[in-house]
Each structure stands twice: as structure tokens, then as C-alpha cells.
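Scroll down for the structure; my scribbles are underneath it.
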């Protein structure tokens, strides 16, 4: 609130804080209409502090649901019932259906989704139904993976690309800063591990993702931590039993900390483990919590 830009006209009878406060409680549809009213309204609705405040005050939980060849937004009913309403995202589907059939959505930050299909890459906002198609990835790629990250201090969104080039025969890492870069920038400080296709998590300006030792070894052996601001990496070791292919595991955020959901398919004991990364110099998963299934 302290860093808001001075949007209100000098002769306005309504204080700036009141305008900001009223707009921050409006639904998304009303905000999108306000953007078309005047330049002033468009600036207010687009300002980063306003967006953060509005997102914090949103009461409902929205979901992105994939059904066949179409995508929908789902919102929980406020009366406490288990049912949910679905709304087809027409603008998103029309843009995204230009690409091949295969799709992957495994990266989400502040309500923005990063998705790709073969040679097509885009950023999607389910709330506003806005779609931004990014520059086409390089050709001659056998395998690629993307992660979306956010740097809160500089208020920048970056897409990290991991690509296996057929001609060179090795992995390359690229960065694209939304709203700034026109083309992809190669990272010279890469690492030899291969990021998995499982969802990544961005926490406090750091992207966390499982990695493999190589294409031949498909066991998740560690976690890579990518600093979005400084664009460098750090490897976090995992325990040996974690590498079994019979286990289910996923990265999540728990109260601002990185956590791993860990479940043994063979054991089927009715509970799962959650390991939390404590803020220590060793950078290891320290605290274990057992969660029983209802």
C-alpha cells in the first residue's frame, strides 16, 4: 500500500486510498471492465501492489480443469456444498488448440500457468482468460521442460527452459523474462542433471524441481533450486530410499517452505509422509510429518 503510484487526479474528490480499497474488493469481471473505462482505471487494475492485494482478498478457490480437448475454470460454491460450477475458457482453448494434441501444465505462480504443446509455449491467466504466446522454442529438440518463476523484489516473472538438443547431443538451459526479453537467453552456469516432468514449485523467488541423474536413470535423485533473480542453481540431496520408482512424490509449499509428499505404493499403509526443508545451512529435508488418510 505504501508504494502505490499516484493514479488519482489532483482534483478528485475521492481519496486515492479509497479508490484503491473499493477496487480491491471488486470481482475479476468488474476489474476487466474497468480497464476499458479509462487510462486511470487501467493503471490501477494493472499495478502489481493492487494485484497482490486483490488476490489476497479473493474468498473463493479457483481451479483449472482439463476435460478432453477443452479447459475449464472451476470455483467452489460458497454455501459449503461439495459441487462446483464449471466455465469453459473459450479464448484460451481457441489459442491453445492451434498447437498439437500433447499438452503439459506443471508450473503455476500467483495464478499464472505455464503450458506447452510440442513447439508451442504460452502463459495463461484463468481469472482474466488472457493468453500470451511466447516465442517458439528452438528447433531440433528431442525433449524440453519449462518452469515458471517469480522474483518478488524486482517483480519479475521468468520462464526457465531445459532442452535436449539432438544435433549437439547435450542439455541446454535458457531464460525468458516476461515483458522484457524478446528472445531466449542461454544460461552458461548450467548443470548436468535432467529436470523431471513433475510439477515445479516457486517459493520466495526460488524454483524447486526434481531432477534425474541422466536420461537413462529415471529415478528422482535430487532437487534443483533455481534462484530466479541471480539465475543460478543449487542442488539439494535426497535420501536413498526416495529413489524407488514404486513411490509417489510431489513438491508442494507449506507455510512458505518447500515440502515433499511421499507415499509408498507397495506398503499401502493408509498414510503418507511429508518432509519439510528447514532453513539450515545443510539444505536437506529435515522434518518428517506422518499424515493418515481419512
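The values are calculated or read from the model by the stated rules, or taken from the named source; none is laboratory data. These numbers come from a predicted model, not from an experiment. Cβ coordinates were reconstructed from backbone atoms using ideal geometry, including for glycine residues, and neighbour counts include every protein chain displayed.
Taking segment 200-242 and the strands (runs of 3 or more DSSP E) fully enclosed by it, the elements with 3 or more residues that are surrounded by 13 or more Cβ atoms within 10 Å (Cβ to Cβ) and modelled with pLDDT under 90 are at 206-212, 220-227, 232-237.
Check every one of the helices (runs of 4 or more DSSP H) wholly within segment 1-50 and list those with 3 or more residues that are closer than 19 Å to residue 111 by Cα and modelled with pLDDT under 80. Those helices (runs of 4 or more DSSP H) span 28-34. All conditions but one from (1) touching a strand residue (DSSP E or B) at 6+ places or on another chain (Cβ under 6 Å); (2) farther than 15 Å from residue 107 by Cβ; (3) at pLDDT 90 or above apply to residue 193; the one that does not is (3).
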